[in-house]
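Encoded as structure tokens, the structure appears first; notes follow it.
Just so you know, all these numbers are worked out from the coordinates, no wet-lab data involved. What you see is a predicted model; the values in this text were computed from it and never measured. Every residue, glycine as well, gets a Cβ built from its backbone with ideal geometry; the counts of neighbours run over all protein chains shown.
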Amino acid sequence: MKIRPLYDRVIVKRIEQQRQTASGIVIPDAAAEKPEQGEVLAVGHGRALPDGTLRPLAVHIGDSVLFGKYAGQTVKLDGQEVLVMREEDILGIVDSAQSTLKAA
């Protein structure tokens, strides 16, 4: 199913982190915290300003982002849990080493 968020909303898929400690202890699903990092799957057209213009979003599809623990609303799309949140709920964009190398 394709979904297109409205205005300044963003669809984010949580990035699952390793469920094993450095010493090899496996953390069960019930004890693991939900990750606060995700990948942007879809973005809206932009934030509507008081003068009627649209300000484009700073995040783009494919960006890896950080967000608060309780940010967004969880919904199921095609059996997969995703978050729908406003752009203002995103704390930052994570730059990977590969994108730094490409820019240089």
Worksheet entry | ³J(HN,Hα) computed for each position of the range 47-57 - Karplus, 6.51 cos²θ - 1.76 cosθ + 1.60, integer Hz, glycine/proline x | 8, 7, 8, x, 7, x, 7, 9, 9, x, 6
Fill in: Cβ-derived FRET efficiency at R0 25 Å, THR74 paired with LEU6, nearest 0.05
0.90
Item to complete: Give the long-range amide H neighbours of GLY44: residues separated by 5 or more places, or on another chain, with amide H under 5 Å away, using H modelled in the peptide plane at 1.01 Å from N.
Response: ARG9
Discussion item. Can you compute the FRET efficiency between LEU91 and SER23 using 1/(1 + (r/R0)^6), with r the Cβ-Cβ distance and R0 = 30 Å? Round to the nearest 0.05.
Written reply: 0.50
